[in-house]
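> Have a look at this one.
The values are calculated or read from the model by the stated rules, or taken from the named source; none is laboratory data. Remember, it's a predicted structure, so these values are computed and weren't measured experimentally. Quick reminder, even Gly has a Cβ in these numbers, built from the backbone with ideal geometry, and neighbours come from all protein chains shown. Quick note on the areas: whole protein, heavy atoms, side chains included, nothing else; ligands and nucleic acids left out. Shrake-Rupley method; radii C 1.70, N 1.55, O 1.52, S 1.80 Å.
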Amino acid sequence: MPTSFRVTAIFAATLAAAVPMSAQVPASWARDIPELLAAIDSIHPSPYRRHSRATWEQAARELQARVPSLHYHEFVAELSRLVALAADGHTRLGQVRLVNHQRVAFEPGPGEGMDVEYPVEFDVFSDGLFVVRASPGHADLLGRKITAVNGVGTAEAFERMRPYIPADNEAWQWHLFPRYLSSPGFVAAAGLAPSPSAPLRLSLSGAGEPSGSALAPVDSVREWVGADRALRAAGRLPRYRAIEDRYAFEYLAGSRTVYVRIREIQPMTTEPVAQFAGRLFGFVDSAAADRLVLDLRGNGGGNNYLNQPLVHGLIRATRVNRPGGLFIITDRGTFSAAVSLLGDLERNTHALVVGEPAGAPPNSYGDSRRIRLPESGVEVRISTVFWQHSDPRDPRPWIVPDLVAPLRFADWAAGRDPALEAILAYQPNAAEPIRSPNTNWRRATQRAPGGPYVVW
């Protein structure tokens, strides 16, 4: 790594903090652009597979020329747009964090628009964009569907924000869009607000106009109210949301089904993952279970090397490793090492995939290295490894669910689980020939997109 990248966090923060909140960034920050391009060129295994080197260089030259006219939020957003050319969710700005490899969060930036947030949180469901959390003063927004942001329809708002969201596929952009939409800096950079200090005005479906539909940016929200607070208070969250352990399993009475929940691919605090896998498969045999459900929803990954005991165990688990016996539930928040686990199981078992597409393809990039740009101090993460868990010719942006089970807001709010319901109702087709697992990537369900997965 060039010496210029070895800048301490203190020095970087001092540089960034020296910029007045409303001022344009120093012209010297333009020197970060060729430094960033050189770092991507030297670190990323294949940065030009989606866009040519000439495209990258042209984009970098144009951004470098514009830097002296940019405000801080515009500079950060344009860096994000530049690294998004890698089409890789691991190559991104360092401020985008996967908290415990689950919830996506932004680290506050030191400059205009990136150090504040709107007092609501959104989520994308199959039927659109909804408010799922809010500060107590905006609780009347909870559960409302957003039809427009500052007069721009939600479908168009998503398209405007997409270039700023580094991702392997569109599913990961659906997953991150709500977080970017909570950032006044990115909202302004995407042309959805005149400035980072301007209020966010929401158009809502349904009758009545809540008092809090114009949202001013705030430094932070110390107390949140959830749209599912009644479910939580009554203890009626569905399994995949109620289980807090990294690894857990339970027997679903009356169905001869073992349900396995993995929230993140990280070491367990109570036992090694291999020991958990041994307990799991011992239980499958002793309970004479004939169906196993592996739930990877919202699992942002972690350590690929922890997957092997589960993969080997499921290959050997002949009671459930058969057509109609093994199911994997995914959604747009399934990412990184969780997608590696998904790819290994697709290639080596008879598992059917249920739910929504994962946030990355089975062949994807990861293990990002952090660099800090010498002039601005902005941290960037760059992938260093290509993980291949499917056929080398596999072009899919995601594994298409064999059983599409989209999650509507009403299902989420009521604690229903359409994916698990689809599995429990599934009847295998005995006449269908059994395919060798290493050709699963070419099965019939993978030849069509299987959507639409989101209807704005």
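> Would you kindly identify the helices (runs of 4 or more DSSP H) lying entirely within segment 1-72 that contain at least 2 residues that are at pLDDT below 95?
It comes to 9-17.
> Further, regarding this structure: Would you pick out the residues in segment 311-337 that are in contact with a strand residue (DSSP E or B) (Cβ under 9 Å, 6 or more places away or on another chain), open to solvent by 10 Å² or more (accessible area, probe 1.4 Å) and on the phi < 0 side of the Ramachandran plot?
Ala317, Arg319, Asn321, Pro323, Asp331, Arg332 - these are the residues of segment 311-337 that are in contact with a strand residue (DSSP E or B) (Cβ under 9 Å, 6 or more places away or on another chain), open to solvent by 10 Å² or more (accessible area, probe 1.4 Å) and on the phi < 0 side of the Ramachandran plot.
> So, one more: Suppose we keep only residues that are open to solvent by 10 Å² or more (accessible area, probe 1.4 Å) and in contact with a strand residue (DSSP E or B) (Cβ under 6 Å, 6 or more places away or on another chain) within segment 352-363. Which one would you say is farthest from Asn440 (Cα to Cα)?
Going through the qualifying residues, I end up with Asn363.
> A further question on this structure: Is segment 365-386 home to any residue that is open to solvent by 20 Å² or more (accessible area, probe 1.4 Å) and within 17 Å of Leu345 (Cα to Cα)?
So far as segment 365-386 goes, no, none of its residues is open to solvent by 20 Å² or more (accessible area, probe 1.4 Å) and within 17 Å of Leu345 (Cα to Cα).
> Any residue in segment 130-151 that's free of Cβ contacts under 8 Å to residues at least 24 places away in the same chain and farther than 23 Å from Gly191 by Cβ: show its pairings with residues that are open to solvent by less than 50 Å² (accessible area, probe 1.4 Å) and of a type outside the set (Lys, Arg) at Cβ separation under 7 Å, as long as the two are six or more apart or on different chains.
Within 7 Å, no pair qualifies.
> Considering only segment 20-68, state which residues are under 25 Å from Pro397 (Cα atoms), in contact with a Leu (Cβ under 8 Å, 6 or more places away or on another chain) and of a type in the set (Val, Ile, Thr).
Thr55
> Would you list the helices (runs of 4 or more DSSP H) that sit entirely within segment 218-330 and hold 1 or more residues that are among the hydroxyl-bearing types (Ser, Thr, Tyr)?
Filter on segment 218-330 gives 239-242, 273-286.
> Of all residues being under 18 Å from Pro452 (Cβ atoms) and under 22 Å from the mean Cα position of the chain (by Cα) in segment 413-435, which is surrounded by the fewest Cβ atoms within 10 Å (Cβ to Cβ)? Just the residue, please.
Among residues in segment 413-435 that are under 18 Å from Pro452 (Cβ atoms) and under 22 Å from the mean Cα position of the chain (by Cα), the one surrounded by the fewest Cβ atoms within 10 Å (Cβ to Cβ) is Pro418.
> Checking Ile262 against (1) free of Cβ contacts under 8 Å to residues at least 24 places away in the same chain; (2) under 19 Å from Ala337 (Cβ atoms); (3) of a type in the set (Val, Ile, Thr), which single condition isn't satisfied?
Every listed condition holds for Ile262 apart from (1).
> Give me the pairs: first residue in segment 89-114 and among the small types (Gly, Ala, Ser), second residue modelled with pLDDT under 90, beta-carbon distance under 7 Å, and six or more apart or on different chains, which are they?
Gly111/Ala16; Gly111/Val19; Gly111/Met21
> Against the condition within 16 Å of Phe409 (Cβ to Cβ) and open to solvent by less than 30 Å² (accessible area, probe 1.4 Å), how does Leu141 come out, does it pass?
yes
> Out of the residues in segment 218-228 that are open to solvent by 90 Å² or more (accessible area, probe 1.4 Å) and touching a residue at least 40 places away in the same chain (Cβ under 8 Å), which is farthest from Glu121 (Cα to Cα)?
Asp219
> Taking the condition of being basic (Lys, Arg), out of contact with any Lys or Arg (no Cβ under 8 Å at 6 or more places or on another chain) and closer than 14 Å to Leu36 by Cβ, how many residues in segment 373-399 meet it?
Number of matching residues: 0.
> Give the residue that is least open to solvent (accessible area, probe 1.4 Å), with candidates limited to residues of segment 231-249 that are over 26 Å from Gly301 (Cβ atoms) and touching a residue at least 40 places away in the same chain (Cβ under 8 Å).
Filtering segment 231-249 for residues that are over 26 Å from Gly301 (Cβ atoms) and touching a residue at least 40 places away in the same chain (Cβ under 8 Å), the one least open to solvent (accessible area, probe 1.4 Å) comes out as Leu231.
> With respect to Trp456, is the statement that it is crowded, with 19+ Cβ neighbours inside 10 Å, closer than 25 Å to Asp88 by Cα and out of contact with any His (no Cβ under 6 Å at 6 or more places or on another chain) true?
The answer is no for Trp456.
> On to the next question. Taking the options Ala430, Ala405, Ala444, Ala425, name whichever one is touching a residue at least 12 places away in the same chain (Cβ under 8 Å) and either among the hydrophobic types (A, V, I, L, M, F, W, C) or in contact with a Leu (Cβ under 9 Å, 6 or more places away or on another chain) (or both).
Residue meeting the stated conditions: Ala405.
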